[in-house]
1. Quick one: in segment 185-210, of everything that is in a loop (DSSP other than H, G, I, E, B) and out of contact with any Asp or Glu (no Cβ under 7 Å at 6 or more places or on another chain), which residue is modelled with the lowest pLDDT?
2. If a residue must be under 19 Å from I286 (Cα atoms) and buried (at least 23 other Cβ atoms within 10 Å of the Cβ), how many such residues does segment 12-42 contain?
3. Could you please give the count of residues in segment 238-275 that are in contact (Cβ under 8 Å) with a residue 60 or more places away in the chain, surrounded by 15 or more Cβ atoms within 10 Å (Cβ to Cβ) and farther than 23 Å from W45 by Cα?
4. So, D78, is that one out of contact with any helix residue (DSSP H, G or I) (no Cβ under 7 Å at 6 or more places or on another chain), over 25 Å from R191 (Cα atoms) and among the charged types (D, E, K, R) or not?
5. Just the residues that are open to solvent by 40 Å² or more (accessible area, probe 1.4 Å), outside any helix (DSSP H, G or I) and closer than 27 Å to A203 by Cα, please, taken from segment 138-160.
6. Take the residues in segment 1-11 that are of a type outside the set (A, V, I, L, M), closer than 30 Å to G271 by Cβ and in contact with a strand residue (DSSP E or B) (Cβ under 8 Å, 6 or more places away or on another chain); name whichever of them is surrounded by the most Cβ atoms within 10 Å (Cβ to Cβ).
7. Which one of these is outside any strand (DSSP E or B), over 16 Å from the mean Cα position of the chain (by Cα) and of a type outside the set (S, T, Y): R269, R213?
8. What residue, among those in segment 204-221 that are of a type outside the set (A, V, I, L, M, F, W, C) and open to solvent by 30 Å² or more (accessible area, probe 1.4 Å), is farthest from T75 (Cα to Cα)?
Amino acid sequence: MTLTLPGFDHTRLPGADGVELATAIGGSGSPVVLLHGFPQTHLMWRHVAERLADEHTVICPDLRGYGASDKPAATGPDVYAKRTMAADVVALAAALGHDRFALVGHDRGALVAFRAGLDHPGAVTHLGILDVVPTLDMWNVLHGVSAAVGYHLFLMAQPPGLPEAMIAGSADAFFGSFLDSWSDDPAAVPREVRAAYLRASAAAVTSIVADYRASAGIDVAHDQADKDAGSQLAMPVTVVQQDWGARLGYDAGGVWRAWAPDLDHRLTRAGHFMAEEAPDEVTAAIRDLLAR
């Protein structure tokens, strides 16, 4: 059984380089694009999307390499660069007639959204980020034994071959471990949704690893080039995250202020999967962002 967003239309839309993205679309009004995280699909937005659709056209794609979207072979580092994945988002919004849109991302989707905000400031009107710091900063704040929380980042950064084989050999255990350990409310991801995430992830091991591998290479280079050039996000930005700064010993708000002069930085008591654990809180943060 394929789970969907109730009341939403489901279609395939063109991204960059001929890639097609499976996308759920609902509601009416000014457009808001929601990008999912790992190890999930657009289904993670089911509660938030329903609430926002009362006032907005809500667009929820599966990222390239995830869910029901195309999974091109990683023939080069650009294929899963966040720059390329951001171009997917701009292209699919344009295919729907939206040259400007608000953009909110969680986890991997938040890294794509961050890159879209830097690369396409004329298209992204408002930017929402859930529970990450930019790729360059992510690597800089992982130190010592505290970095064990991000062990998967180091695993999937390795050259092609071994990470894919190790993960494919125990896919449900690997992907399921994040759904368990990163959640403060297991009931927020019910059994049928969990099963859908595990099926989708097991079918996308190679492309998921390629996405993460890009974040240990080309994505860092892109972020560093922007930092060196003094680039900043030109639009209003809201960041909602767990108190990772306290856990890992850095100033999370300060990290984001360096990139986003117009910043609303919020801490949440929800777990990593906050759009599912605390949908009212996340929806309220997005609505506040869109009102700025």
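The values are calculated or read from the model by the stated rules, or taken from the named source; none is laboratory data. Just so it is clear, the model here is predicted, and its values are computed rather than measured. Cβ coordinates were reconstructed from backbone atoms using ideal geometry, including for glycine residues, and neighbour counts include every protein chain displayed. To get the accessible areas, we keep the full protein, side chains included, count just its heavy atoms, and leave off ligands, DNA and RNA. Shrake-Rupley method; radii C 1.70, N 1.55, O 1.52, S 1.80 Å.
1. Filtering segment 185-210 for residues that are in a loop (DSSP other than H, G, I, E, B) and out of contact with any Asp or Glu (no Cβ under 7 Å at 6 or more places or on another chain), the one modelled with the lowest pLDDT comes out as P190.
2. Residues flagged as under 19 Å from I286 (Cα atoms) and buried (at least 23 other Cβ atoms within 10 Å of the Cβ) within segment 12-42 amount to 8.
3. Number satisfying all stated conditions: 7.
4. Judged against the criteria, D78 is not a match.
5. Those that are open to solvent by 40 Å² or more (accessible area, probe 1.4 Å), outside any helix (DSSP H, G or I) and closer than 27 Å to A203 by Cα: Q158, P159, P160.
6. Filtering first and then ranking leaves F8.
7. R269 is the lone residue from the list that is outside any strand (DSSP E or B), over 16 Å from the mean Cα position of the chain (by Cα) and of a type outside the set (S, T, Y).
8. Among those that are of a type outside the set (A, V, I, L, M, F, W, C) and open to solvent by 30 Å² or more (accessible area, probe 1.4 Å), it is G217.
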